[in-house]
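Every number here is computed from the coordinates shown, using simple stated rules; none is lab data. Everything numeric in this text was worked out from a predicted model, so none of it was measured. For neighbour counting, all protein chains shown are included, and Cβ atoms are generated from backbone atoms with ideal geometry for every residue, glycine included.
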Amino acid sequence: MAQVTIFIEFSTDPDKASSLLNSLKPETDSIRSKRSKASIENSGGKVSVKLEADDITAARAAANTVIRLLNVSMATMEVLENV
């Protein structure tokens, strides 16, 4: 079986990046399973997510989860900015 690694990186406002890290860190820590794990870091507004999985199916599932969490977090921050 091949090991799969996926990197998701994007830049945003440093305050938003910090908020994303704080909201997603507990979630990415809970993704750890027998077949996959995730980590998230923030470096001056650059958010980096690293996914590691034992197979492509586990990688896809982990990537889908992280992408959904990022979308929900960013949409929530946008709503809060407009309140």
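Just a few scattered comments:
- Under 17 Å from the Cα of residue 50 - lysines, other chains or at least 8 residues apart: 25, 34, 37
- Aspartates and glutamates whose Cα lies under 14 Å from that of residue 46, excluding same-chain neighbours fewer than 8 positions away: 9, 13, 15
- A Gaussian network model of the chain, with springs between Cα atoms under 10 Å, assigns the largest mean-square fluctuation among 25, 46, 34 to 34.
- Taking the range 4-81 and dividing mean pair separation by its residue count, relative contact order in percent (alpha carbons under 8 Å, at least six apart): 36
- The chain: most fluctuating residue of 40, 56, 31 per GNM, C-alpha cutoff 10 Å: 56
- Distance from the range 53-83 to the range 1-19 (C-alpha centre basis), Å: 10
- Spin-label model distance (nm) - residue 67 vs residue 22, 7 Å beyond Cα toward Cβ: 2.8
- Space enclosed by the convex hull of the alpha-carbon atoms of the range 4-81, per residue, Å³: 68
- With both labels modelled 7 Å from their Cα along Cα-to-Cβ, the residue 83 to residue 10 distance reads 2.2 nm.
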